[in-house]
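Structure, as structure tokens:
The values are calculated or read from the model by the stated rules, or taken from the named source; none is laboratory data. If you're wondering where the values come from, they're calculated on a predicted model, not measured in any experiment. Cβ placement follows ideal geometry from the backbone for every residue including glycine, while neighbour counts extend to all protein chains displayed. Areas reflect the complete protein model, heavy atoms only, side chains present, ligands, DNA and RNA absent. Shrake-Rupley method; radii C 1.70, N 1.55, O 1.52, S 1.80 Å.
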Amino acid sequence: MKIASYDIVFQDVPGEVTLSLNLSQCPNRCPGCHSPQLQDDIGYLLDDEMLDNLLESYGHDVTCVCFMGGDCEPEEVMRLADRVHAFGLKTAWYSGKQQLSEHFRFESIDYVKLGPYVATLGPLSSPETNQRMYRSDSGRLIDITDNFKRK
């Protein structure tokens with residue numbers, strides 16, 4: 001799995017200050033994708049050493065690490081999420097798939113976004129969105145998509 005870029009963000013996970021890791025090699029190819037460059041094989045290998053360096057550098061400034069993508073290697077997302085948890089942070093995964101991967105583990109991911117981007121339906125903040133954001137709680141998913149809607 002490769003990381004193309006990262007940033008500290010405030011809107012990707014409600015109520016969390018998030019280190020957002022933009023993963024490349026996205027297999028979904030959503031028409032109208034806002035980050036089509038992430039479909040390419042770009043960036044650097046996101047291995048334990050790189051993740052540990054990011055956590056050491058930014059882990060005290062954030063409350064959550066979000067894997068933006070990773071649908072090409074869901075088992076690796078789970079493994080790295082466990083490493084983030086061991087550091088004491090929450091985890092999130094933005095998947096473009098409609099359903100959870102068979103490799104999804106509730107104990108590894110605190111938040112998960114499901115659904116491909118459909119331009120006519122808009123992002124999570126759109127009232128018509130097909131995408132859903134969930135909080136993982138005791139082996140079940142709680143839909144928190146409404147937290148993205150402007151009030």
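In this structure, Glu75 does not qualify as modelled with pLDDT of 95 or more, open to solvent by 20 Å² or more (accessible area, probe 1.4 Å) and over 25 Å from Cys33 (Cβ atoms). Could you check, for the stretch 50-60, whether at least one of its residues is within 24 Å of Asp143 (Cα to Cα) and surrounded by 16 or more Cβ atoms within 10 Å (Cβ to Cβ)? No, the stretch 50-60 has no match at all. Restricting to the stretch 4-15, what's the tally of residues that are part of a loop (DSSP other than H, G, I, E, B) and touching a Ser or Thr at 6+ places or on another chain (Cβ under 6 Å)? So the answer is 1. Can Thr120 be described as loosely packed, with under 15 Cβ neighbours inside 10 Å, of a type in the set (Val, Ile, Thr) and more than 15 Å from the chain's Cα centre (by Cα)? Yes; evaluated as a whole, the condition is true for this residue. Looking across the stretch 16-34, the residues that are assigned to a loop (DSSP other than H, G, I, E, B) and either open to solvent by less than 20 Å² (accessible area, probe 1.4 Å) or without any contact (Cβ under 8 Å) to a residue 24 or more places away in the chain (or both) come down to Glu16, Ser24, Arg29.
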